[in-house]
Structures are given as C-alpha cells and as structure tokens.
Amino acid sequence: YQRLRRGLARTSSQLTGQIASLFTKRKLDEATLQDLEDLLIQADLGVETAMRITDTLSSERYGKDVTGEDVSRIMAGEITKVLAPVAKPLELDLSHKPHVILVVGVNGTGKTTTIGKLAAKLSGAGLKVMLAAGDTFRAAAIEQLKIWAERTKSDIVASKLGADAAGLAYEAYQLAREKKSDVLIIDTAGRLQNKAELMAELEKIVRVLGKLDPDAPHTVLQTLDATTGQNALQQVEIFRNVAGVSGLIMTKLDGTARGGILVAISAKHKLPVYFIGVGEGVDDLEPFEAKDFAEAIAG
Ligand code: GDP
C-alpha cells in the first residue's frame, strides 16, 4: 500500500495541489464547481466520474466553505464506487489443466514483464507454469521471455522468429497438457501499426486454442500502460472486440501523473482489473484494491 501511495504520488500531488489553489477563500459556487470538473477531467478521471464528484460536493457544500480535505474525501468515495466492482482477483480454474492465460496488448505496454511477474507469483505459489513466446515478430520479446522463464523456473515454448503464432500457441497448449502444467501463459504480438494483420492473428490464436477446449483461452488479459493516458481507453476497445479481453492489468503506475485513467477505463468498460504494475522488478505487481487506489489518487 505504501508503494502504491508513492507510485501515485505524482497523480495525486498534481491534482491536490490544483484543487487546493482552487478552494482558497472561495465559497462553493457554479464557477468553482466547473473549474473543479475541468481539473478532474484533465486528470484523466473521465467526464462521468468528474461529474459525480462535483455533484456530490455540490449537494453537500453548495454556498459553504470547502476545504481540500472535503474534496479529497468525496473524491475518494466516488472513485471507490467506480472501482469496487472491477477490483477482482485473477481466479484460476485449475480443473483445466492447464488454465490458459492469453496476454494481449500494444507493444511496450508491459506484456512480457507482466508475464514474468505473474509467472513468479504462480510458481511461487507452487503451480507448474509454462510460458509460450507468441510474439514471434520480435527477437527481443522471445529472448526476454526466455530470461523470465529461467528466473521463475517455468517451462518455455518458443519458435523461430516469424513463425506462425497460432501454430505455436496450439503446440504449447498440447505440450502443457502432456506435461500436466497448471497454467499456460501465452505472450502475443502488439503491433498496432499493422492492425488488420494483428487482429487476424489474435483471432486465429483464440480460434485455435478453442479447438482443444471450447472454453480456452480461459483468461484473456490485456496490459495497459498508465503513462499513455487517454490512448489506453481506445486500446481496450480494440482488443476487447477481437480477443474477448476478460480482464486488465495496468502497468507503470509508478511515477506517472496519469493514474486517473484507470478510473475512466473502469467506468467505461467495467472489465475486471486483476493487478497493477508499480515497477520493473519481479515483485512489482500488486493486487488491485479499489479503496487503496482511490485514496492514493485523492491524496
Ligand atoms: P511489451 O512490449 O508489451 O512486452 O512490454 P515490456 O514488458 O517489454 O515492457 C516495456 C518496458 O516497460 C520495459 O522497459 C519494462 O521494464 C517496463 N515496464 C513494464 N511494466 C512496468 C511497470 O509497472 N513500471 C515501470 N516503471 N516499468 C515497467
């Protein structure tokens, strides 16, 4: 929790600083409410949540003095209401052997790193984990995943650069069954520059996995980079349609002033948020807690 506070310090200090200067010696009136709403929208929280916060503040304090603490308390409360329904732990159904997790997302959003962190958690909990290097377009991604496999004592399936990703996913699934792995985590490419091709590839991976088990992939995880702000909203839209995203992990919440975007995404998409990434290290993947996150943002 302390790490989350530190990580979100930039998001919250920017916001609370601005809010404090807004409310010096001013009674709450329409103009102040409007200014506050603008601030909240600029902080990436989304129009809907910004309005909820100003409405609640207005109904409690209209015409009266308002302190920064009043605003923080109301913000934390309203943000918690948005986040509570999406803060869900990642649940694995180990009656599937393996439970298949497909990881999707735009390049650079932290897919490979998050897979490594997740593999560490799962193998640390005593599960047998296999990784599949499905980003067959980038040599670095394959190498990176191999390193993570070694570090986390996971099995790895990789192929040559440029190999068919769906073929690799299928092979990995069969192998994971033979080896009785508990969890198979499949990395994928995220080249948005070639969107049509990427989408076709993801669709094919999902289709091919479904041949071995109609419920597979059992979890489709999308990684989002907090520092990209509003872009992340669109990324969910794109991947959700093609790959049937079942939940999100937001990375790079350490040291960004744009952590508010997770609130806008949650309000809009209502997809579970399983974890948040708060650093590059193997332990920097935290379960997502609505109230802690809301309070860390609201200051
Ligand atoms: P991919 O292209 O989606 O596989 O992304 P990578 O896993 O290679 O990550 C891209 C960069 O972001 C790497 O330098 C990672 O170390 C870094 N990264 C990933 N997650 C986090 C995070 O939570 N916090 C920080 N600060 N950096 C991260």
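Coordinate-derived values only; no laboratory data. Since the structure is predicted, the reported quantities are computational estimates derived from the model, not experimental observations. With ideal geometry, Cβ positions are generated from the backbone for all residues, glycine too; neighbour counts draw on all protein chains shown.
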Rounded to the nearest 0.05, FRET efficiency between residue 27 and residue 280 (Cβ-Cβ, R0 45 Å) equals 0.45
Taking the alpha-carbon centre of each part, the distance from the range 41-70 to the range 204-234 in Å is 35 Å
Amide H neighbours of residue 247 at under 5 Å, excluding residues fewer than 5 places away on the same chain, with H built from the backbone geometry, are 220, 222
Taking the range 1-140, the lysine pairs whose C-alpha atoms sit under 27 Å apart (8 or more places apart or on different chains) add up to 16
Taking Cα pairs closer than 8 Å and at least 6 residues apart, the relative contact order of the range 143-290 in percent is 16 percent
Karplus-derived 3J(HN,Hα) from phi for the range 240-246 (6.51 cos²θ - 1.76 cosθ + 1.60, θ = phi - 60°), whole Hz, x at Gly and Pro, runs 4, 5, 7, 9, x, 3, 9
Between the modelled labels at residue 59 and residue 20 (7 Å from Cα along Cα→Cβ) the distance in nm is 3.0 nm
In the neighbourhood of residue 277 defined by beta carbon distances under 12 Å, the net charge of the other residues (Lys, Arg +1; Asp, Glu -1) is -2
Per its Cα gyration tensor (rounded if a/c is under 1.5, else prolate when a/b beats b/c, else oblate), the range 194-237 is best filed as oblate
Along the range 111-128, Karplus-curve 3J(HN,Hα) (6.51, -1.76, 1.60; θ = phi - 60°) to the nearest Hz, with x for Gly and Pro, reads 4, 4, 4, 5, 4, x, 5, 5, 4, 4, 4, 5, 6, x, 8, x, 8, 8
Amide H proximity to residue 99 below 5 Å, modelled H, separation 5+ or other chain, gives 183, 184
Counting every C-alpha pair in the chain, the percent lying more than 30 Å apart is 35 percent
Taking placed amide H atoms and a strict 5 Å upper bound, the residues 5 or more places from residue 87 or on another chain that come that close are 273
The Cα extents of the range 105-241 along the principal axes, largest first and rounded to whole Å, are 40, 31, 28
Listing 51, 75, 250 by rising number of other beta-carbon atoms within 10 angstrom, fewest first, gives 51, 250, 75
Looks like the range 198-299, by Cα gyration tensor root eigenvalues a ≥ b ≥ c and the a/c under 1.5 rounded cutoff (else prolate when a/b is bigger than b/c, oblate otherwise), is prolate
Contour minus Cα-Cα span, residue 13 to residue 180, at 0.36 nm per residue, comes to 55.3 nm
Looking only at lysines whose Cα falls under 17 Å of residue 204's and that sit 8 or more positions away or on another chain, we get 195
Summing -39500 (n - 2.57) over every DSSP H run of at least 4 residues in the chain and dividing by its residue count gives a helix-only mean residue ellipticity at 222 nm, to the nearest 500 deg cm²/dmol, of -16500 deg cm²/dmol
Gyration tensor on Cα atoms of the range 154-211, a ≥ b ≥ c root eigenvalues, a/c under 1.5 rounded, else prolate if a/b beats b/c, else oblate, says prolate
To the nearest 20 debye, the range 1-138 has a Cα-centred charge dipole, built from +1 on Lys and Arg Cβ and -1 on Asp and Glu Cβ, of 900 debye
Going residue by residue through the range 93-108, the Karplus relation 6.51 cos²θ - 1.76 cosθ + 1.60 with θ = phi - 60° gives ³J(HN,Hα) values, rounded to whole Hz and with x marking Gly or Pro, of 9, 7, 6, 7, 10, x, 6, 9, 10, 9, 10, 10, x, 5, 3, x
Taking every DSSP bridge whose two residues both lie in the chain, the antiparallel percent to the nearest 5 is 15 percent
The extension gain from residue 3 to residue 203, computed as 0.36 nm times the residue separation minus the Cα-Cα distance, is 68.3 nm
